[in-house]
Structures are given as C-alpha cells and as structure tokens.
Amino acid sequence: MKFTTLVSATALAVASTAFVGAAQARDQVQVAGSSTVLPYASIVAEVFGENSDFPTPVVESGGSSAGLKRFCEGVGENTIDVANASRKIREKEIKACAENGVTDIMEVRIGYDGIVFASQKDGPAFTAFTPVQWHNALAPKVLVDGAIVDNPYTKWSEVDASLPDVEIAAFIPGTKHGTREVFEEKVLLVGCEESGAMKAMMDGGMSEDDAEDACLAVRTDGKSVDIDGDYTETLARIDSNPNGVGVFGLAFYENNTDKLKVATMSDIAPSTETISTGEYPVSRPLFFYVKKAHIGVIPGLKEYAQFFVADEIAGPQGPLAQYGLVSDPELAATQASIEAEDTMK
C-alpha cells in the first residue's frame, strides 16, 4: 500500500490563503469524537504513521457530540480535521458548521459494530434473549406488579421462566469501553422502555432525563461485573464460571466458536450480514467526518481517510475486523467517494 509522501508547493500555497494568518499549516492530522470509534481510529493512526511518511495523527475521544462540536467551530489549523461519530451528523450540527464556515463535509462510513451475548458452549441453554430480560436481570430497580422496587432477581429463571435456572452472572463491557454505549442504548434502555419501567418512573415524578439515566444503571451486587480489560478477560471469566454470560464484539466470538455459543436477540441471530443490514438490533453504523477545506492543506488528511477504509484495513480480513468492526459491504463505494472528495448534499 503506497501513499503520497510529499505535499506539493500548490498545497502549501493554498494553506497560506485558506488559513488566514497562518504562515504554514500544521503537519499533523487532528481527530476527535466518538469513544466507540476511538479504538479503531487509534489503530489506523498508528499503522498509518508506521506505513507512510506522514506524522501519526493525533486522535482524541470526548464523544460524538463533543467531537462534532469541535469540528464545526470553523476552518483553520486551530480546528480539528476529522470528527469520529457513532451516529450520523445531525441537521442542527450541519447548520452550526455552516454558520462557522464549514460547508463542505465528507461523510465516511467505516463499517458497523455489533455485540453478541455468548456463554460456555456446553453450559446452560442461553440461546435466546430480549432487551427486557437483560434490563430485568441487571437493573438496580425493576417494575414488579406495577411498582418500581429493588431488583429481587438472583436467577435468570426468575427473570423469565424460559431462561436457565442458574444464578445471574453477567460480564459486560466497563464504562470506558465504546461497546458499553451500544449495550446501554440498544439493550438496557430498550428493555427499560419495553418493560414499562421507564414510564412507571416518569409517572412517579422523575423527569425523562432522570428516568433514562436510571434505565442505564446497572446493579452493583455482583450479579453484573464490568470488564475493563479486553474481551480475553471476559472469556476468561466465562471459562471459570459455567453459568456466565458475556458481552462480546461479533468478531471476537467468531474467533472463539470452539468455546462459546451465541444467543439471538429479539429472535435475530447475530452475523456479519444481520449486523451490516441493521436487522440485528444491537448494531449500528460508525462514521467519521472530514473537513474538505483542510484537504491539500493539512498533509496526509486525504491519505489518512483513504488508508482508514482501504481493504487491507477496514475489509473483512483487516485489523479493524479483528478488533470487532463489521466490514461495510459497500466499502468500495466509500473508497470511491473519498477519492472523488464527495461532500454531503
């Protein structure tokens, strides 16, 4: 894989006019945003720095909204070049960008993330789950007979008679993990809403924001364990606990099918296909946004974007897939869009 190693004199001339008051543009791509995209972007930045003559991009987190806010602050070397996002940019953000002179935005979909619910291959029959079951198993307070009470459940069978009659032992991503966000939004919050607990809390006087925060809370009595390490730590916990259920990225599960079995979620089996189409409910597309005005001015910006979605990086056999990214079946179209420097309409 070859990348341009020199910035043309023309690009430097553009820098002097596009970035008013700057004698020369900085030489390092600056990225900020989604904590979910952060590990993928960090991998890409490191490999990009090792395999090109451009400096390693600076990648920061802060969340999708914070990253897009910084992205929309304006054009110039004192603003970031790329915003990572675990959701599409919102209309109000596009408007804020435009008001600050950021009018040409390139949207790049890097792939999808999906999480699965896996247990020991020869362990209890955890084969099918719903968000309501997970909410009722993990929430500190649940809805019982019309009232919000402290969670009384200690076994999965108490949560739902269709589940195995074993102690609840859930190993979930810690709060520092991007995977935790999709687990909270697509499982805990959905389960809280579908169970009626969120409505009951609001009927009891809680604001919508406070009720949502309560829906995302996880019990602290040992039934649910945050895993701050990587998925190998989760696997080790399941290896030592036959009743354990772990939350993994799809790719990690697929590399450990000799040890693990996976459950459906809302009757949909997780797979590359069901995640990439959005049919599997615990999945979503991931993006980054590029400030076109900085291309040709900030050395390596376009090359970084191209590198990120190259087959060797974001394809099914690339390092991002090994880390858990589900490759986008339309990756070739994304590559062509970056090459053409297409912007959002």
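The values are calculated or read from the model by the stated rules, or taken from the named source; none is laboratory data. Not measured: the values here are computed from a predicted model. A quick note on method: Cβ atoms are made from the backbone with ideal geometry, for glycine too, and the neighbour counts reach across all protein chains shown. Remember, those area values only see protein heavy atoms, side chains included, never the ligands or the DNA or RNA. Shrake-Rupley method; radii C 1.70, N 1.55, O 1.52, S 1.80 Å.
Would the range 47-56 turn up any residue that is in contact with a helix residue (DSSP H, G or I) (Cβ under 7 Å, 6 or more places away or on another chain) and among the hydroxyl-bearing types (Ser, Thr, Tyr)?
Yes, the range 47-56 has at least one match.
Quick one: in the range 326-336, of everything that is within 18 Å of residue 271 (Cα to Cα) and open to solvent by less than 60 Å² (accessible area, probe 1.4 Å), which residue is nearest to the chain's Cα centre (by Cα)?
Within the range 326-336, the match that is nearest to the chain's Cα centre (by Cα) is 326.
Give 143, 189, 216 a once-over and let me know the one that is under 22 Å from the mean Cα position of the chain (by Cα), farther than 19 Å from residue 116 by Cβ and not small (Gly, Ala, Ser).
Exactly one residue qualifies, and that residue is 216.
So, in the range 63-75, how many residues would count as being at pLDDT 95 or above and not in a helix (DSSP H, G or I)?
The qualifying residues number 4.
Can you report the number of residues in the range 206-229 which are part of a loop (DSSP other than H, G, I, E, B) and either buried (at least 16 other Cβ atoms within 10 Å of the Cβ) or among the β-branched types (Val, Ile, Thr) (or both)?
Result for the range 206-229: 5.
For residue 323, work out the one condition from (1) of a type outside the set (Asp, Glu); (2) open to solvent by less than 50 Å² (accessible area, probe 1.4 Å); (3) farther than 20 Å from residue 105 by Cβ it doesn't fulfil.
Looking at each condition in turn, residue 323 falls short on (2).
Name the single residue that is nearest to residue 131 (Cα to Cα) among those in the range 261-292 being of a type in the set (Val, Ile, Thr), under 17 Å from the mean Cα position of the chain (by Cα) and surrounded by fewer than 23 Cβ atoms within 10 Å (Cβ to Cβ).
274
How many residues are of a type in the set (Asp, Glu) and at pLDDT 95 or above when one looks only at the range 76-90?
Residues flagged as of a type in the set (Asp, Glu) and at pLDDT 95 or above within the range 76-90 amount to 1.
Looking for something assigned to a helix (DSSP H, G or I), open to solvent by less than 10 Å² (accessible area, probe 1.4 Å), more than 22 Å from residue 107 (Cα to Cα) and assigned by the TED database to the domain that holds residue 191 - is there at least one such residue anywhere in the range 238-247?
So far as the range 238-247 goes, yes, one or more of its residues are assigned to a helix (DSSP H, G or I), open to solvent by less than 10 Å² (accessible area, probe 1.4 Å), more than 22 Å from residue 107 (Cα to Cα) and assigned by the TED database to the domain that holds residue 191.
Looking at the structure I just gave you, is residue 270 touching a Leu at 6+ places or on another chain (Cβ under 6 Å) and at pLDDT below 95?
When the stated conditions are applied, residue 270 passes them.
Within the range 48-62, can you find the residues that are in contact (Cβ under 8 Å) with a residue 40 or more places away in the chain and either part of a loop (DSSP other than H, G, I, E, B) or of a type in the set (A, V, I, L, M, F, W, C) (or both)?
Listed by number, the residues that qualify are 48, 52, 53, 54, 55, 57.
Among the listed residues 232, 220, identify the single one that is closer than 20 Å to residue 131 by Cα and among the hydroxyl-bearing types (Ser, Thr, Tyr).
220
Among the numbered conditions (1) of a type in the set (D, E, K, R); (2) surrounded by 18 or more Cβ atoms within 10 Å (Cβ to Cβ); (3) not assigned by the TED database to the domain that holds residue 58, tell me where residue 302 comes up short.
Residue 302 satisfies every listed condition except (3).
Inside the range 90-112, can you point out the residues that are assigned to a loop (DSSP other than H, G, I, E, B) and either in contact with a Ser or Thr (Cβ under 8 Å, 6 or more places away or on another chain) or buried (at least 20 other Cβ atoms within 10 Å of the Cβ) (or both)?
Those that are assigned to a loop (DSSP other than H, G, I, E, B) and either in contact with a Ser or Thr (Cβ under 8 Å, 6 or more places away or on another chain) or buried (at least 20 other Cβ atoms within 10 Å of the Cβ) (or both): 102, 104.
If a residue has to be closer than 17 Å to residue 39 by Cα, touching a helix residue (DSSP H, G or I) at 6+ places or on another chain (Cβ under 6 Å) and not β-branched (Val, Ile, Thr) to count, how many in the range 300-318 make the cut?
Within the range 300-318, residues that are closer than 17 Å to residue 39 by Cα, touching a helix residue (DSSP H, G or I) at 6+ places or on another chain (Cβ under 6 Å) and not β-branched (Val, Ile, Thr) number 6.
Say whether the condition of being more than 23 Å from residue 165 (Cα to Cα) and touching a Lys or Arg at 6+ places or on another chain (Cβ under 9 Å) is met by at least one residue in the range 228-249.
Yes, there is a match, as at least one residue in the range 228-249 is more than 23 Å from residue 165 (Cα to Cα) and touching a Lys or Arg at 6+ places or on another chain (Cβ under 9 Å).
Pull out all pairs, ordered by first then second residue, where Cβ-Cβ is under 8 Å, the residues are six or more apart or on different chains, the first lies in the range 232-258 and is touching a residue at least 40 places away in the same chain (Cβ under 8 Å), and the second is surrounded by 22 or more Cβ atoms within 10 Å (Cβ to Cβ) and among the acidic types (Asp, Glu).
249/113
I need a count of the residues in the range 61-89 that are within 27 Å of residue 179 (Cβ to Cβ) and open to solvent by 50 Å² or more (accessible area, probe 1.4 Å).
Residues that pass the stated criteria total 5.
Sort through 155, 186 and tell me the only one that's basic (Lys, Arg) and modelled with pLDDT under 95.
Answer to the selection: 186.
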